[in-house]
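Quick notes on the structure that follows.
The values are calculated or read from the model by the stated rules, or taken from the named source; none is laboratory data. Because the structure is predicted, anything quoted here is derived from the model rather than measured. Note that we place each Cβ from the backbone using ideal geometry, even for glycine, and neighbour counts take in every protein chain shown.
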Amino acid sequence: MRFDNHRVVVTAAGRDFGRTLAIRLADLGAEVFLSARGLDAAERVRDEIRGRGHERVHAFACDLTDPASIRAFASAVAGLTDCVDLLINNGSRWLEGPDLLSATDTDVVDTITSGATGTVLTVKNFLLSCSTRTSRMS
(Lines give C-alpha, C1' and ligand atoms only; values in the text may rest on other atoms or scores of the structure.)
Protein backbone atom coordinates (compact mmCIF):
# COMPACT_ATOMS: atom_id res chain seq x y z
CA MET A 1 0.00 0.00 0.00
CA ARG A 2 1.25 3.47 -0.90
CA PHE A 3 0.23 6.87 0.44
CA ASP A 4 1.27 8.95 -2.58
CA ASN A 5 -0.76 12.19 -2.78
CA HIS A 6 -2.05 11.68 0.77
CA ARG A 7 -1.61 14.29 3.47
CA VAL A 8 -1.12 12.73 6.89
CA VAL A 9 -0.97 14.37 10.32
CA VAL A 10 0.81 12.53 13.13
CA THR A 11 0.64 13.96 16.64
CA ALA A 12 3.41 13.27 19.15
CA ALA A 13 5.81 12.38 16.35
CA GLY A 14 8.91 13.64 18.16
CA ARG A 15 9.97 10.18 19.30
CA ASP A 16 9.06 6.55 19.78
CA PHE A 17 5.97 5.27 17.99
CA GLY A 18 4.95 8.64 16.50
CA ARG A 19 8.43 9.11 15.02
CA THR A 20 8.32 5.61 13.54
CA LEU A 21 4.87 6.24 12.05
CA ALA A 22 5.95 9.55 10.50
CA ILE A 23 9.06 7.98 8.94
CA ARG A 24 7.16 4.99 7.58
CA LEU A 25 4.36 7.10 6.12
CA ALA A 26 6.88 9.38 4.40
CA ASP A 27 8.65 6.29 3.04
CA LEU A 28 5.27 5.22 1.62
CA GLY A 29 4.90 8.54 -0.20
CA ALA A 30 2.74 10.60 2.18
CA GLU A 31 3.16 14.28 2.78
CA VAL A 32 3.60 14.30 6.56
CA PHE A 33 2.61 17.03 9.01
CA LEU A 34 4.12 16.08 12.32
CA SER A 35 3.84 17.60 15.74
CA ALA A 36 5.62 17.28 19.05
CA ARG A 37 5.21 19.14 22.31
CA GLY A 38 8.48 20.95 21.55
CA LEU A 39 9.28 22.30 18.10
CA ASP A 40 12.88 21.11 18.37
CA ALA A 41 11.75 17.46 18.65
CA ALA A 42 9.42 17.83 15.65
CA GLU A 43 12.18 19.48 13.63
CA ARG A 44 14.64 16.68 14.45
CA VAL A 45 12.23 14.09 13.06
CA ARG A 46 11.44 16.31 10.06
CA ASP A 47 15.16 16.61 9.32
CA GLU A 48 15.63 12.86 9.75
CA ILE A 49 12.85 12.23 7.22
CA ARG A 50 14.30 14.79 4.82
CA GLY A 51 17.64 13.02 5.18
CA ARG A 52 15.92 9.93 3.77
CA GLY A 53 15.09 11.91 0.60
CA HIS A 54 11.56 13.08 1.43
CA GLU A 55 10.89 16.80 1.10
CA ARG A 56 7.16 16.86 1.82
CA VAL A 57 7.40 16.88 5.61
CA HIS A 58 6.49 19.69 7.98
CA ALA A 59 7.19 20.17 11.70
CA PHE A 60 5.03 21.93 14.27
CA ALA A 61 4.86 22.37 18.02
CA CYS A 62 1.61 21.22 19.62
CA ASP A 63 0.93 20.75 23.31
CA LEU A 64 -2.10 18.47 23.49
CA THR A 65 -2.94 19.78 26.97
CA ASP A 66 -3.38 23.32 25.59
CA PRO A 67 -6.44 24.10 23.42
CA ALA A 68 -4.78 27.24 21.99
CA SER A 69 -1.76 25.19 20.92
CA ILE A 70 -4.02 22.64 19.22
CA ARG A 71 -5.90 25.41 17.37
CA ALA A 72 -2.61 26.98 16.26
CA PHE A 73 -1.35 23.62 15.00
CA ALA A 74 -4.50 22.92 12.96
CA SER A 75 -4.47 26.46 11.60
CA ALA A 76 -0.80 26.23 10.58
CA VAL A 77 -1.43 22.95 8.76
CA ALA A 78 -4.49 24.49 7.07
CA GLY A 79 -2.22 27.27 5.85
CA LEU A 80 -0.21 24.68 3.91
CA THR A 81 -2.91 22.37 2.57
CA ASP A 82 -6.63 22.50 1.90
CA CYS A 83 -7.40 19.36 3.89
CA VAL A 84 -5.74 16.29 5.38
CA ASP A 85 -6.51 12.73 4.39
CA LEU A 86 -5.52 11.00 7.61
CA LEU A 87 -5.16 12.22 11.19
CA ILE A 88 -3.25 9.92 13.51
CA ASN A 89 -3.87 10.90 17.12
CA ASN A 90 -0.80 9.27 18.58
CA GLY A 91 -0.19 11.79 21.33
CA SER A 92 -0.66 11.37 25.02
CA ARG A 93 1.52 12.28 27.91
CA TRP A 94 2.59 9.39 30.09
CA LEU A 95 3.15 9.20 33.80
CA GLU A 96 6.78 8.87 34.76
CA GLY A 97 8.01 7.21 37.89
CA PRO A 98 7.90 3.81 39.47
CA ASP A 99 4.19 3.85 40.34
CA LEU A 100 1.03 5.96 40.47
CA LEU A 101 1.82 7.20 43.97
CA SER A 102 4.89 9.01 42.65
CA ALA A 103 2.79 11.02 40.14
CA THR A 104 1.57 14.47 41.10
CA ASP A 105 -2.06 15.44 40.67
CA THR A 106 -0.96 17.79 37.87
CA ASP A 107 0.79 14.89 36.11
CA VAL A 108 -2.40 12.82 36.24
CA VAL A 109 -4.56 15.70 34.95
CA ASP A 110 -2.11 16.48 32.11
CA THR A 111 -1.97 12.81 31.10
CA ILE A 112 -5.76 12.49 30.88
CA THR A 113 -6.13 15.90 29.24
CA SER A 114 -3.59 15.17 26.52
CA GLY A 115 -4.98 11.72 25.73
CA ALA A 116 -8.70 12.40 25.92
CA THR A 117 -9.40 16.12 25.61
CA GLY A 118 -6.38 16.70 23.37
CA THR A 119 -7.50 14.00 20.96
CA VAL A 120 -11.06 15.30 20.71
CA LEU A 121 -9.93 18.91 20.30
CA THR A 122 -7.42 17.91 17.62
CA VAL A 123 -10.13 16.13 15.62
CA LYS A 124 -12.50 19.07 16.09
CA ASN A 125 -9.96 21.65 14.96
CA PHE A 126 -8.87 19.69 11.90
CA LEU A 127 -12.52 19.18 10.92
CA LEU A 128 -13.14 22.90 11.37
CA SER A 129 -10.09 23.92 9.34
CA CYS A 130 -11.03 21.53 6.55
CA SER A 131 -14.71 22.54 6.44
CA THR A 132 -13.83 26.25 6.64
CA ARG A 133 -11.46 26.00 3.70
CA THR A 134 -13.96 23.91 1.73
CA SER A 135 -16.76 26.45 2.28
CA ARG A 136 -14.46 29.33 1.27
CA MET A 137 -13.63 27.53 -1.96
CA SER A 138 -17.31 27.08 -2.87
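Does Glu55 qualify as being over 12 Å from the mean Cα position of the chain (by Cα), over 15 Å from Arg7 (Cβ atoms) and among the charged types (D, E, K, R)?
no
Cβ-Cβ distance below 6 Å, separation of 6 or more or different chains: which pairs start in the stretch 64-79 with a residue that is within 15 Å of Ala12 (Cα to Cα) and part of a loop (DSSP other than H, G, I, E, B) and end on one that is at pLDDT below 95 and not β-branched (Val, Ile, Thr)?
Qualifying pairs under 6 Å: Leu64/Gly91; Leu64/Ser114; Leu64/Gly118; Thr65/Asp110; Thr65/Ser114.
Going through the stretch 80-107 one residue at a time, which ones are assigned to a loop (DSSP other than H, G, I, E, B) and either under 15 Å from the mean Cα position of the chain (by Cα) or under 17 Å from Ala13 (Cβ atoms) (or both)?
Leu80, Thr81, Cys83, Val84, Asp85, Asn89, Asn90, Gly91, Ser92, Arg93, Trp94
Within the stretch 79-121, track down each residue that is in contact with a Phe, Trp or Tyr (Cβ under 8 Å, 6 or more places away or on another chain) and buried (at least 16 other Cβ atoms within 10 Å of the Cβ).
Result: Thr81, Val84, Leu87, Asn90, Thr111.
Read through the list (1) of a type outside the set (Gly, Ala, Ser); (2) touching a strand residue (DSSP E or B) at 6+ places or on another chain (Cβ under 8 Å); (3) modelled with pLDDT of 95 or more, then give the number of the only condition that Arg44 fails.
Result: Arg44 fails condition (2) only.
Residues of the stretch 1-50 being among the hydrophobic types (A, V, I, L, M, F, W, C), touching a Gly at 6+ places or on another chain (Cβ under 8 Å) and in a loop (DSSP other than H, G, I, E, B), which ones?
Residues satisfying the conditions are Phe3, Ala12.
Which residues, taken from the stretch 1-53, are touching a Cys at 6+ places or on another chain (Cβ under 8 Å), surrounded by 24 or more Cβ atoms within 10 Å (Cβ to Cβ) and touching a residue at least 40 places away in the same chain (Cβ under 8 Å)?
Residues satisfying the conditions are Thr11, Ser35.
Within the stretch 63-78, which residues are of a type in the set (A, V, I, L, M, F, W, C) and surrounded by fewer than 16 Cβ atoms within 10 Å (Cβ to Cβ)?
Ala68
Write out, first by first residue and then by second, each pair whose Cβ atoms fall under 9 Å of each other, whose residues are 6+ apart or on separate chains, and whose first residue, in the stretch 86-115, is modelled with pLDDT of 90 or more while the second is part of a helix (DSSP H, G or I) and polar (S, T, N, Q).
Partner pairs satisfying both residue conditions: Leu87/Thr122; Asn89/Thr119; Asn89/Thr122; Ala103/Thr111.
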